[in-house]
Amino acid sequence: QSPLCLCSAGGRSEGGGFAAFFDLKASGYDDPILVCQTKGLGPKLQVAQVCKRHDTIGQDLVALCVNDLLAQGAEPLFFLSHLACGKLDAEVMETIKEGIAEACRSAGCAFLGEEVTEVAAPCPSGLCDVAGFAVGAVQRGQPGPQQRAQEGDALLGLGSPGIHGRSFGVVRRILLTSSLHCSSPAPGSCGDATLGDVLLTPGKMFSPALLPVLRSGHVKGFAPTAEGLLGGISRVLPEHVSAVLDALSWKIPEIFCWLYKEGNLSAEEMAETFPCGIGAVLVVQKELAQHVLQDIQRQQEAWLIGKVVAPCHTAGSHIEVENLAEALQLSSPQQLLKESTAETQPQPRKRKVKVAVLVSGAGELALPALMGSVREPGSCAQLVLVISNRPGVEELRSAARAGIPTRVIDHKLYGSRSEFDSTLDRVLEEFSVELICLSGFMRVLSSPFLRKWKGKILNASPSLFPPIKDGNAHQEPLESGFEVAGCTVHFVLEEPSAGAAIRREPLPPGDAEAALEERLREAELRAFPPALQLVASGAVWLGAHGRTCWRR
């Protein structure tokens, strides 16, 4: 127990209740306002009983209560619980109690005790229900996340793999008709975990690490999504605005993809019922979004997932989640690789090089060509990520349909090129990327980024000359007097060099500029895939002198 907690001797009364004391002054508040919340687990507890696993129940219960306190900017002070069951099982009770105590320690609050009630018939033996009650405090006048969201504000999502109480009513219905049971191996790439293990993964508790961010004055609103993604966001949106989210901008755990397919649910039903990998949503002024996001990412996974927009005048929800169906149709990248390897690689082979493609919406045809190349038998590359600096582009949807993870890093939300490149670098590292392909990527990368990834970035330039920094690469060959135009795939360097070329694809002369532009795009489609395979296989690399080297 916390040193601030003074429990009365015995702690029980004739009616089954008990009392405890909490020294509010010793907690450091001069003029506090108390904030309280009570929650139950509902159907999730019933699934836990079927799985005979109760070790995560306590954390879920505390997280539900504590996260709601955080929505008011309140620090959790103490927690109490009540457990009602048909027949007392001492081992189960102790497991739940230990889980609650551990979660309270993580939240920095005191666990003052619990009440256990053995309910008489007709409650079936073995069934139980649990509820929690939490009290927190906020200093009077202290800034917190209770400001009004405005058009243009950014929405940040905090990652959480858990499924919460009310959503389990739908989970139970899906389990009744599914061929899988709680003890079945989990779908996708969850290792040795069972389906029950994954379903009972506790929700993320965001205190106390998030409290300084919420009290900084930079956060307008904070809402947990335990009751569903749409329900959480609607709590921080006034009626005069709407919100648009892009589901391809965050990582959706595989269990939600399985529930979507197994339950034959619509994307709208998923967003209404499940958090879909987002444990809480923050509303932040657009200019402060990257600063706040970086502060949070030091503690846990978080993404820029959407924005507040002008009000929607159509009937129904005023929150739109774009590309959710595509994102939910994604299979596990690891599982896809296993299946591909089983079909095309009967013998063990060298590990494939992990490749990311950066896009801006100008390379719609190049990405499918690269995707087709890495799937061919004998390919030395594995496409693990597609990143766009613009939301909603076609390449993101193409990658999602192919089961390739995607991320959106919107350059408009960054104050400088170095901040954008720093975030880009962190995401590439997250996916252990080894090689980068630029496919219609319209951003100029900074010198520090190019130095770090030297010899690991490939691009296609619409010219047979050294890559051109400025000017019109389609028109220049026509005006220069040279009779041969073409496309060059090359390593990207701080200073362009003809010596860094990997593959050239010349074109016959005689085309006007408009026709030449189209044929150069076709040349890129022919040149880029084999150039990627040459580098991924180790047959070609960039030497220390900045020139392409070839293995004999």
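The values are calculated or read from the model by the stated rules, or taken from the named source; none is laboratory data. Being a predicted model, the structure only gives us computed values, none of them experimental. Don't worry about glycine lacking a Cβ; one is built from the backbone with ideal geometry, like all the others, and counts go over all protein chains shown. The protein model used for the area step is the full one, side chains on, heavy atoms only, and it has no ligands, DNA or RNA in it. Shrake-Rupley method; radii C 1.70, N 1.55, O 1.52, S 1.80 Å.
Roll a 1.4 Å probe over the protein chains and send me the accessible area per residue for the range 181-308 in Å². Provide the component values of the computation, followed by the final result.
Working: 4600 Å² over 128 residues.
Spelled out: the 1.4 Å probe surface of the range 181-308, per residue, equals 36 Å².
Each of Val138, Val198, Gly157 was placed along the dipole of the range 127-242 (beta-carbon charges, centred on the mean Cα), and the one lying farthest toward the positive end is Val138. Excluding same-chain neighbours fewer than eight residues apart, the aspartates and glutamates reachable from Lys452 by a Cα-Cα span under 14 Å are Asp421, Asp425, Glu429, Glu434, Glu494. For Ala110, the residues whose modelled amide H falls within less than 5 Å of its own, excluding neighbours fewer than 5 places apart on the same chain, are Phe78, Phe79. Rounded to the nearest whole Hz, the Karplus-based 3J(HN,Hα) values (6.51 cos²θ - 1.76 cosθ + 1.60, θ = phi - 60°) of the range 133-140 follow the sequence 9, 10, 10, x, 9, 9, 5, 4, with x at glycine and proline.
Element breakdown for the range 19-142 at a 1.4 angstrom probe: carbon and sulfur atoms account for 54% of the accessible area.
Whole Å is fine, so just give me how far the alpha carbon centre of the range 24-38 lies from that of the range 389-466. Rounded to whole Å, the Cα centres lie 47 Å apart.
Accessible area of the range 145-333 with a 1.4 Å probe: how many percent of it is carbon plus sulfur?
49
The amide H of Ala302, built 1.01 Å from its N in the peptide plane, has Gly159 as neighbours under 5 Å, considering only residues 5 or more places off or on other chains.
Calculated accessible area for the range 19-142 comes out at 45 Å² per residue, all protein chains present (probe 1.4 Å; ligands, DNA, RNA ignored). Note down the accessible area of Glu287, probe 1.4 Å, to the nearest 10 Å². Its heavy atoms expose roughly 140 Å² to the probe.
What is the packing order of peptides 519-530, 408-419, taking the mean over residues of other C-beta atoms within 10 Å and listing the highest first? Write down the numbers at each step before the final one.
On the way: 519-530: 19.5, 408-419: 15.7.
Descending packing order for the listed peptides: 519-530, 408-419.
Rounded to whole numbers, the Karplus 3J(HN,Hα) couplings from phi for the range 223-235 are 9, x, 10, 4, 8, x, 4, 5, x, x, 5, 4, 5 Hz, using 6.51 cos²θ - 1.76 cosθ + 1.60 with θ = phi - 60°, and x at Gly and Pro.
Here the Karplus relation 6.51 cos²θ - 1.76 cosθ + 1.60, evaluated at θ = phi - 60°, turns the backbone of the range 237-252 into coupling constants of 10, x, 5, 7, 10, 10, 9, 10, 10, 10, 5, 7, 8, 9, 8, 9 Hz, with x for every Gly and Pro. Given Lys25/Lys97; Lys261/Lys352; Lys251/Lys354, which pairs have Cα atoms separated by over 25 Å? Checking Cα-Cα distances, Lys25/Lys97; Lys261/Lys352 exceed 25 Å. What you get for the range 145-333, charging only the Cβ of Lys and Arg (+1) and of Asp and Glu (-1), is a dipole of about 480 debye around the Cα centre. Sorting Thr177, Thr488, Thr117 by solvent-accessible area of protein heavy atoms yields Thr177, Thr117, Thr488, largest first, with a 1.4 Å probe.
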